[in-house]
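Working notes, beginning with the structure itself.
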Amino acid sequence: MFTQDRDALRQTYLTAWRKARAGEPLAPVERLIVEVAERHPEYHALLEQGESALGREWLPEGGESNPFLHMALHIALQEQVSTNQPPGIRRLYQGMIAACLGDAHAAEHRILDCLAEELWKIQRDGREFRPKAYLRCIKRRGSGQRPRA
């Protein structure tokens, strides 16, 4: 899954979904993709479109969000939590689940807002990832506060 080729990355999602639906064995990363996709029934039709979904654009200006990016953010967050990188993310993740009354998926969505914001700032400003700012955002989200721009 380490590529700059958008269509190749998206194809990984489509292939994992197709293989899961066909009952074929899945590689570990494919299992992760399918687990995330299964929690998003609104994406199932897109994943079943196959290659016709590869070139689609989702424009934030039109109120759209990119389903492939959204699923990738879930996977990135799961990797962060499993490695506790940045340090403290695992504790904040567990706290967010508690704040969401045990709903891990809702907790992840709150955290993903912070991750997406940090990634956007990296692209916009051409700077490095700021783990402290990211973790502060998560803390604010966990306390019910909206992250600052």
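For the stretch 78-106, which positions are under 24 Å from residue 58 (Cβ atoms) and touching a helix residue (DSSP H, G or I) at 6+ places or on another chain (Cβ under 6 Å)?
Result: 80, single match.
Hey, does the stretch 64-78 have a residue that's over 12 Å from the mean Cα position of the chain (by Cα) and within 23 Å of residue 47 (Cα to Cα)?
yes
Only one of these is modelled with pLDDT under 95, farther than 30 Å from residue 131 by Cβ and not charged (D, E, K, R): 69, 54. Name it.
54
I'd like the full set of residues that are of a type outside the set (A, V, I, L, M) and under 16 Å from residue 84 (Cα atoms), limited to the stretch 104-139.
Within the stretch 104-139, 108, 129, 130, 131, 132, 134, 136, 139 qualify.
When residues of the stretch 103-114 are filtered for being among the acidic types (Asp, Glu) and open to solvent by less than 40 Å² (accessible area, probe 1.4 Å), how many remain?
1
Could you list all residues from the stretch 79-112 that are over 8 Å from the mean Cα position of the chain (by Cα) and aliphatic (A, V, I, L, M)?
Scanning the stretch 79-112 gives 81, 89, 92, 96, 97, 98, 99, 101, 104, 106, 107, 111.
Checking the structure you have, find out if any residue of the stretch 129-141 is open to solvent by 40 Å² or more (accessible area, probe 1.4 Å), more than 22 Å from residue 29 (Cα to Cα) and under 16 Å from the mean Cα position of the chain (by Cα).
For the stretch 129-141, residues open to solvent by 40 Å² or more (accessible area, probe 1.4 Å), more than 22 Å from residue 29 (Cα to Cα) and under 16 Å from the mean Cα position of the chain (by Cα): absent.
Matching residues to (1) closer than 23 Å to residue 7 by Cβ; (2) touching a His at 6+ places or on another chain (Cβ under 6 Å); (3) among the small types (Gly, Ala, Ser):
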{"residue": "87", "(1), (2), (3)": "no, no, no"}
{"residue": "91", "(1), (2), (3)": "no, no, no"}
{"residue": "98", "(1), (2), (3)": "no, no, yes"}
{"residue": "107", "(1), (2), (3)": "no, no, yes"}
{"residue": "118", "(1), (2), (3)": "no, no, no"}
{"residue": "123", "(1), (2), (3)": "yes, no, no"}
{"residue": "137", "(1), (2), (3)": "no, no, no"}
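Which one of these does residue 117 not meet: (1) surrounded by 15 or more Cβ atoms within 10 Å (Cβ to Cβ); (2) more than 27 Å from residue 30 (Cα to Cα); (3) acidic (Asp, Glu)?
(2)
The values are calculated or read from the model by the stated rules, or taken from the named source; none is laboratory data. All values reported here derive from a predicted model rather than from experimental measurement. Every residue, glycine among them, receives a Cβ derived from its backbone with ideal geometry; neighbour counts consider all protein chains shown. Side chains are part of the model used for accessible areas, which takes the heavy atoms of the whole protein and leaves out ligands, DNA and RNA. Shrake-Rupley method; radii C 1.70, N 1.55, O 1.52, S 1.80 Å.
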